[in-house]
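Each remark here refers to the structure printed beneath this line.
The values are calculated or read from the model by the stated rules, or taken from the named source; none is laboratory data. Note that this is a predicted model, so its numbers are computed, not measured. For neighbour counting, all protein chains shown are included, and Cβ atoms are generated from backbone atoms with ideal geometry for every residue, glycine included.
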Amino acid sequence: MNGLRLTANGLPLPDPEAVGRQPSAVSGLKVLIPEAEVYEHNPKRLYVTIPRERLTDAAKYLHRERGMRLSTCTGIDTRDGFEVLYHFSEDSTGTMYTLKVLAPKDDPKLDSQATWFPAANWIEREMHELLGIDFPGHPNLIPLLTSDTDWEEDKYPLRRDFERRSDAHEQ
């Protein structure tokens with residue numbers, strides 16, 4: 001691969017001489033995942049939309065190769081599917097990189113990042129419990145927030161189609 005080198009984890013990176021002293025996180029992600037779409041909200045806030053099958057590659061690149069930490073994750077039920085955002089902080093520059101993936105409503109699954117990244121453990125459990133997103137490979141998807149309630153197992157309160165229980169039950 002002309003102009004490319006591999007990292008210690010076998011991920012391709014641009015040749016530093018071809019792009020300057022050190023490749024940016026965005027250019028590295030674009031080499032790793034050419035179909036990635038980058039949206040710059042501002043210079044310190046970047047969103048990178050990637051296919052769900054590439055989530056682990058991208059997250060490992062940002063954490064292991066770029067030294068970023070996982071700040072948090074968020075899940076949203078949109079008209080197009082379940083959007084899951086993994087927010088990474090590059091503390092040395094104050095820049096936030098958000099990996100944005102979409103799980104279709106008829107197959108709400110994303111590979112768990114908790115298997116290699118313990119910081120994702122509880123938030124993936126919460127997204128599973130509140131949105132019904134499955135995280136294959138997760139070590140412990142038991143309920144976290146509703147574990148001591150009579151919450152129905154197949155009801156997901158953050159889904160757009162969730163119907164609120166009766167007012168009598170809420171009292």
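Here are the numbers for the structure shown:
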{"item": "Pairs, first farther than 12 Å from VAL101 by Cβ in the range 42-67, second buried (at least 16 other Cβ atoms within 10 Å of the Cβ) and among the β-branched types (Val, Ile, Thr), C-beta under 6 Å, six or more apart", "result": "LYS44/THR95"}
{"item": "Whichever residue in the range 27-47 is within 18 Å of the chain's Cα centre (by Cα) and of a type in the set (Val, Ile, Thr) and, among such residues, is surrounded by the fewest Cβ atoms within 10 Å (Cβ to Cβ)", "result": "VAL38"}
{"item": "Strands (runs of 3 or more DSSP E) enclosed by the range 1-81 - at least 1 residues per element that are at pLDDT 90 or above", "result": "37-42, 45-49, 69-78"}
{"item": "Members of the range 100-112 that are among the hydrophobic types (A, V, I, L, M, F, W, C) and assigned to a loop (DSSP other than H, G, I, E, B)", "result": "LEU110"}
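Yes or no, residue by residue, for (1) over 21 Å from TYR47 (Cα atoms); (2) in a helix (DSSP H, G or I); (3) in contact with a Ser or Thr (Cβ under 7 Å, 6 or more places away or on another chain):
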residue	(1), (2), (3)
SER92	no, no, no
THR98	no, no, no
ALA114	yes, no, no
MET127	no, yes, no
HIS138	yes, no, yes
SER147	yes, no, no
TRP151	yes, no, no
ARG159	yes, no, no
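For every residue, the table says whether it meets (1) under 17 Å from THR49 (Cα atoms); (2) free of Cβ contacts under 8 Å to residues at least 12 places away in the same chain; (3) among the acidic types (Asp, Glu); (4) out of contact with any Pro (no Cβ under 6 Å at 6 or more places or on another chain).
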site	(1), (2), (3), (4)
ASP91	no, no, yes, yes
MET96	yes, no, no, yes
VAL101	yes, no, no, yes
PRO104	yes, no, no, yes
TRP116	no, no, no, yes
